[in-house]
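Asker: The structure that follows is given in the form of structure tokens.
The values are calculated or read from the model by the stated rules, or taken from the named source; none is laboratory data. Everything numeric here is computed off the predicted structure, so don't read it as measured data. Don't worry about glycine lacking a Cβ; one is built from the backbone with ideal geometry, like all the others, and counts go over all protein chains shown.
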């Protein structure tokens, strides 16, 4: 198991980014969470197989249709062994 902490920058709030991320994570069988931050970014912590995390990262660079993604940063963090994927 691998866990990524992902920060998405751009027009990513108010465009269904969190719910779309949750749907994509569930489709990829990933666990974790997604939330809006006060600075206008979206933070994601996702855990699962590395190749599925790479697919999520690829999706994050586009996001849902109304999103305008300027940058995606990520780093590997310690897995937590959680189940499910929630919007916070």
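So that you can scan it fast, the table gives a plain yes or no per residue for (1) within 12 Å of residue 21 (Cα to Cα); (2) at pLDDT below 95; (3) surrounded by fewer than 14 Cβ atoms within 10 Å (Cβ to Cβ):
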position: 37; (1), (2), (3): no, no, yes
position: 42; (1), (2), (3): yes, no, no
position: 50; (1), (2), (3): no, no, yes
position: 56; (1), (2), (3): yes, no, no
position: 62; (1), (2), (3): yes, no, yes
position: 70; (1), (2), (3): no, no, yes
position: 85; (1), (2), (3): yes, no, no
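Asker: When you look at residue 5, is it under 20 Å from residue 82 (Cα atoms), surrounded by 18 or more Cβ atoms within 10 Å (Cβ to Cβ) and at pLDDT 95 or above, yes or no?
Answerer: No.
Asker: For region 36-66, give me the residue count where each residue is touching a strand residue (DSSP E or B) at 6+ places or on another chain (Cβ under 6 Å), part of a loop (DSSP other than H, G, I, E, B) and in contact (Cβ under 8 Å) with a residue 40 or more places away in the chain.
Answerer: 1
Asker: Filtering region 18-35 down to residues that are assigned to a helix (DSSP H, G or I) and touching a strand residue (DSSP E or B) at 6+ places or on another chain (Cβ under 8 Å), which residue is surrounded by the most Cβ atoms within 10 Å (Cβ to Cβ)?
Answerer: That would be 21.
Asker: Take region 67-88 and flag every residue that is closer than 19 Å to residue 11 by Cα and part of a loop (DSSP other than H, G, I, E, B).
Answerer: Selection gives 67, 88.
Asker: So, residue 10, is that one in a strand (DSSP E or B) and out of contact with any helix residue (DSSP H, G or I) (no Cβ under 8 Å at 6 or more places or on another chain) or not?
Answerer: Answer is yes for this residue.
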